[in-house]
Structure formats: C-alpha cells, structure tokens
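Heads up: the structure comes next, in structure tokens.
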Amino acid sequence: MKSWVIPSVFFLISLAIIPHYGFFKGNIMPIILLVVGYLLLVIHHFSGFDDTNNSHSLPDMMSFLLVVSFALFTTALWSMWVREITMARILEKLIPLLLIPILALLSLPKKLKNIAPILFLVMIASALGLRIATIKMTPFPPIDTFIMLNEAPRKILLGANPYVSNFTPVFPGVTPDYFTYWPAAFLLQLPFVPTLSDPRILFILSDIIAAFVLFLIAGKTMTGMMLALLFLFRPYSLFIIESSWLTPLNFVLVLLAIYLLVRKVSPAWVGIVVGLVTSVQLFHAVLFFIIGKYVGWSKKFIAGFFLSLSMVVPYFLASPADFLSDTLLFYFRNPPHPAVLIHESLNINALFFYFFQKDISPLILNGIIFLVLVFSIFKQQRRVSSVAHTMLIFFFTFFLFGRQAFVNYYFFIASLAIVVLVLEVRDEGKLRNAGSLK
C-alpha cells in the first residue's frame, strides 16, 4: 500500500472525535469516518504491503498534515468546564499565532537550518505552557477520572485500599464506589498528587516526554520535529489533559517500549515497561503477546513483564471480589453501570443500537476482536514498524468493535498512527543511508 494510508487514518480519526467532544449524539458521520479509516488500515495491514517501500514524499506529506492538524487543533481545544473564561478567550486568540513558527520551521532555507532547533523548542515550550494553563483554567473538572486519580493516591498514603473505598460523587445517581484502573494508575501518581495536588501534572510530563522520544526515534530529523509537533498540536490534546484521562501516560509507556525495541536493549527492560502499562489498564496485556512474539518469547522479556505486573498482586489478594468488580466486571454488567455510557460510544455497537434499539451480540463483537488479534500476532513481523502496525490494527479493532470508545480511546489510536509514521521515517532514513554506501 501507499504511504498516504496512515496519514489518512490519522486525519479521519482527528475529524471524527471533534463533534460533541468525541461522544455519539445521533450524528453518524463520526462513526462513518472511523469505519472508513479502519477499512483503509485493515487493507493496508493484511494486503501484504512492503513496509520497506516508503514514499520519498513522506516529509512533504508530514508538513501538510501538521498544518491541517494544527488548524483543527485551534477549533477543538478544551471542554465546557473552563472556569477562567477570560483567560480562555485570550488564549483562543493567541494560539493561532503559533502557526507562524510552524510555517517558519517548514519553510526554512538550508542556510538557516540551524534556527530549526530554536523554533522547535519554542513550540515545545508553547505546548507545555498551554497544558499548564489548561489545568489552571479547569482546576476541578467534574469527571470521575479526575476524582479517582486525585483521591486514590491520598487514600494509599492514609492506609486505605482504593478498591474498597468511596470517592467524591460526580454524576447524579451514580455511587462512586469504584476505582476502575489497575494499581500503577495511582502508584505512579504518588510523587505528584500529594505534592502538587493535581494528577494531570504526570500527564503533562508524559506528553512532553513522548514528543521528545518521537523526535529521537525519527533520528533527530526535521521530519521528526514535525511529527513531534503533530503529536502535541492536534484536536483535543488539551481536552485530554483537562479531563485527566490516562491516555498520555499509557501512550508514553507504550512508546518507551517501542523505543527500547528500536535501541535493541535487553528484552527484560521491554518486559518491565509492558508490565507497567498493563498494570495501569488491563487491556494493554495484549502487548505481551505482540511484543513477546517479536522478541522470540525471550525469557528475560517474560520475567520482566511478570516482575513489573506483580505490583497488582497485593491489591488483588487484599480483596479479590472488590478488585475484580471494580476493574473488570464494572464494564460488563448488564444493564451497564450508570457511569458507562456505552450507547454514546463512537463504535459499531452504538451505531447499531441507534438504528435497531438493541445491542450486537458480544459473541460476534468479541469474535471479531479475537480473530484480528490472532491474525495480527501471527503475521510476520520483520521490524519494529511491523510491531507498531500490529498494535495500531488491534487497538483500533478493540475499540471500534468493543463495548465502549470515546475521544480518549481514539486519541490513543491516533497517537499509535504517529508512531507508525515515525518508524517509517526512520526506516526510510536507514534505506537512504544504505543506498548512499553502495
């Protein structure tokens, strides 16, 4: 397939999550866009494409995608929860001015290329400043993710178990007696919440670190700068921080595992990172199989994974019923838990329910997810870019055909699409260097 497929998938996802803050409210177009992007990706993934045959127009394509994505970014910044209205209005007028350094970066003549790192750092600093301003404008977002991640670390320090605790009420008619994430979600917050009083500081750091890691994987190139900025400036990247969703933390850990594969470090370290992200949210356990196959089921990888995952054991043993109820059964109750708005998801089931007022059988949906997983894992993976493709296709399938999928889920998928692009840039650079030696 052609190199335009992954940029197209990224663009379609970006468009799909903008209406209604990434929730399904009867407008079927966002789901249609996601389905089109998914079909493109499936054909791209299973048609035997040659992942070494990248187009040399990729840098130009990235320039165009960055400009378009930034334009969309200015239209979808944060939620309706903002309290500092005056500050928000000022920022909304100033943010479009950031297009100036972006265009300057993209149009620098060769003799002025030494200015590029300065412009890049200016944009990184701007991204950091906007994220800090976002949490200042919305100090207490009325969403359970913020409440849970803000209160769970404090409960740990007081000797309480989050899985048997109640939290501050947020939604009318919903008893906040659940903590739906795995232990690393609050253990990693211990350096931040007690001292800085906001779990979103960790997510801001995750975003900035991820941008630099993307730049490093791309080989510290101009295209790498563009892809790092593409990651930081896209629709609702500030809304993700504002809402205290785990997406930035999940992504930076997945990206770190990919970076370690690129650097060919000991599989034990890769296993530790994969175990850590699994200890944040269970569905990342699929990475154990995808990456495990790639590293030849290294004993060091397996040992590192289970060593890292062992942090879950004490909380499970402390109260198995509460732990499983909060982190697993919570999502599969029928009828669903009031906090799980499955019919407002951007997925196939929500679209089906909209037209027929009933759900698709879980056996069918889970069967599709399982088949894609099996085919993805057993597909030949010759290089790290193949691993990233496998991750992208699985998680897209998992959310599109799963029980729930909102803006943060597809934001994660779009982030994986950027990883694929970064690895393609890296592979293309290696091919060019190899060709110049012949």
## Note on the structure
Taking r as the C-beta separation of Ser47 and Ile100 and R0 as 41 Å, the FRET efficiency to the nearest 0.05 is 0.50
### Task
Taking a cut-off of 20 Å between Cα atoms, list the lysines near Lys220, but don't count ones fewer than 8 places away on the same chain.
Lys110, Lys111, Lys113, Lys264, Lys430
### Query
Build a GNM of the chain with springs between Cα atoms under 10 Å: which of Ala127, Ala321, Ala285 gets the top mean-square fluctuation?
Ala321
### Query
In nm, to one decimal, how far is the modelled label at Tyr331 from the one at Val164, with both set 7 Å along Cα→Cβ?
2.5 nm
### Message
Which lysines, if any, have their Cα less than 30 Å from the Cα of Lys25, not counting same-chain residues under 8 positions apart?
### Response
Lys93, Lys136, Lys358
### Message
Over the chain, with a Gaussian network built from C-alpha contacts below 10 Å, which listed residue (Tyr354, Tyr410, Tyr163) shows the highest mean-square fluctuation?
### Response
Tyr354
### Query
For the chain, list the DSSP H helices whose alpha carbon atoms reach 27 Å or more along the long axis and whose average Kyte-Doolittle value is 0.0 or above?
116-137, 407-436
### Cα-based reach from Lys379 at 16 Å (exclusive), listing lysines while leaving out same-chain residues under 8 positions away
Lys293
### Query
To the nearest 20 debye, what is the magnitude of the charge dipole of the chain about its Cα centre, counting +1 on the Cβ of each Lys and Arg and -1 on the Cβ of each Asp and Glu?
1240 debye
### Message
Between Arg234, Arg89, Arg200, where does the largest GNM mean-square fluctuation fall for the chain, given springs only between Cα atoms within less than 10 Å?
### Response
Arg89
#### Entry: FRET E, pair Met80, Trp297, Förster distance 56 Å, beta-carbon r, rounded to 0.05
0.70
### Task
Return the distance in nm (one decimal) between the two label points of a simple spin-label model at Tyr21 and Lys113, each offset 7 Å from Cα along Cα→Cβ.
4.5 nm
### Model label zone, Phe375; criterion: amide N under 15 Å from point 7 Å along Cα-to-beta-carbon; scope region 14-47
38-47
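Every number here is computed from the coordinates shown, using simple stated rules; none is lab data. Only a predicted model underlies this, so the values are computations on that prediction, with no experimental measurement involved. Note: ideal-geometry Cβ built from the backbone for every residue, glycine included; neighbour counts use all protein chains shown.
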